[in-house]
Amino acid sequence: MSEGLTSTSYIKHHLQNLVYGKLPAGYERADGTVIEQGTWTLAHSPREAVDMGFWAVNVDTMGWSLVLGLVFSYLFYRVARQAHAGVPGGLQNLIETLVGFVDKCVKETFHGRSDKLIAPLALTIFCWIFFMNLMDLLPVDLLPLVAGWLSGNPHLYFKVVPTTDPNITFGFSLSVFILIVFYSIKIKGIGGFVGELTLHPFGKWMIPFNFLLEGVSLLTKPVSLALRLFGNLYAGELIFLLIAMLGYWQLPLHFVWAVFHILIITLQAFIFMMLTIVYLGMAHEELH
């Protein structure tokens, strides 16, 4: 832990994103300076990040998400280009096993008319989320220190685990939610989709009650997807931060928690993928 930081400020600093947004004219910044006109800038304090409003961007979250997405895409592209019928290499064997596993999960769980999108989507979700979660195994001070050294600002906010940011987890879940609504309307029609929300489970005489139940059930799907992933990874990151404050004792404890955390990051990626398959399978079910 850096000297000059209390335990509370150390944890708050590591859990704060690097935010880029616009501050209005006349705004007094954390260092006491006043902005003469509206300016797009990096936030220097959590309060500035909040005051930047809706259009502010978490630069570290977006940056690492894109980088990890590109790494995942490059690995699969490279293996696909170099794949051959002979004895596969270690990476090719691993990816082929992963692809086969995801394909089996889709075939056993999804019973819609077409799964041309579902299997690639499930594979992308699992791998991308797993790569994001995997960043949680890095020492909590390593990349923030590197970023501070490169920027010349040792106190730079810099989070490296995208799934500890609810913006990312809700981004994933809302994308799945849009697909759920799209396929529900495509398979059942608008009338069938509305009927599903208003006529089940108690028939036409209890439409308001049916709509309340089914509407809540529909809306809780993206919320539960996002909060489950965010909550587990945020808690894991917080434990790593608490371990980092133990001085020399952090090394063995970090190793023990990291070994256990490998199961968590894999399981959370798998759960998100499987729930996506299940929800899209339900959206493909035709009314009888």
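Values computed for the structure shown
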| quantity | calculated |
| --- | --- |
| Of the criteria (1) polar (S, T, N, Q); (2) under 14 Å from the mean Cα position of the chain (by Cα); (3) surrounded by 14 or more Cβ atoms within 10 Å (Cβ to Cβ), which one SER224 fails | (3) |
| Tally, over the range 153-171, of residues that are in a helix (DSSP H, G or I), of a type outside the set (A, V, I, L, M, F, W, C) and within 17 Å of VAL19 (Cβ to Cβ) | 5 |
| Top-ranked residue of the range 182-193 - restricted to ones that are of a type in the set (Val, Ile, Thr) and without any contact (Cβ under 8 Å) to a residue 60 or more places away in the chain, ranked as farthest from TRP64 (Cα to Cα) | ILE190 |
| Long-range neighbours under 8 Å by Cβ, at least six apart or interchain, first residue farther than 20 Å from LEU174 by Cα and touching a residue at least 12 places away in the same chain (Cβ under 8 Å) within the range 210-221, second surrounded by 15 or more Cβ atoms within 10 Å (Cβ to Cβ) and among the hydroxyl-bearing types (Ser, Thr, Tyr) | ASN210/THR198; PHE211/THR198 |
| Check on ILE11, touching a residue at least 24 places away in the same chain (Cβ under 8 Å), over 23 Å from PHE272 (Cβ atoms), out of contact with any Ser or Thr (no Cβ under 6 Å at 6 or more places or on another chain) and buried (at least 17 other Cβ atoms within 10 Å of the Cβ) | yes |
| From the options SER65, SER73, residue that is touching a residue at least 12 places away in the same chain (Cβ under 8 Å) and either out of contact with any Phe, Trp or Tyr (no Cβ under 6 Å at 6 or more places or on another chain) or part of a helix (DSSP H, G or I) (or both) | SER65 |
| Contacts under 6 angstrom Cβ, first residue in the range 158-171 being free of Cβ contacts under 8 Å to residues at least 60 places away in the same chain and farther than 20 Å from VAL50 by Cβ, partner among the acidic types (Asp, Glu) and part of a loop (DSSP other than H, G, I, E, B), 6 or more apart | none |
| Residue match in the range 194-202 (condition: buried (at least 17 other Cβ atoms within 10 Å of the Cβ), among the acidic types (Asp, Glu) and over 22 Å from HIS13 (Cα atoms)) | yes |
| Of residues in the range 101-142 being within 16 Å of LEU233 (Cβ to Cβ) and either β-branched (Val, Ile, Thr) or free of Cβ contacts under 8 Å to residues at least 24 places away in the same chain (or both), the one surrounded by the fewest Cβ atoms within 10 Å (Cβ to Cβ) | LEU138 |
| Unique residue being within 27 Å of GLY247 (Cβ to Cβ), free of Cβ contacts under 8 Å to residues at least 60 places away in the same chain and assigned to a helix (DSSP H, G or I) when the list is LEU174, LEU150, LEU197 | LEU150 |
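None of the figures in this text is laboratory data; all of them are computed from the coordinates on show. On a predicted model such as this, the values are computed, not experimentally measured, just so you know. All Cβ positions, even for glycine, are placed from backbone atoms using ideal geometry, and neighbour counts span all protein chains on display.
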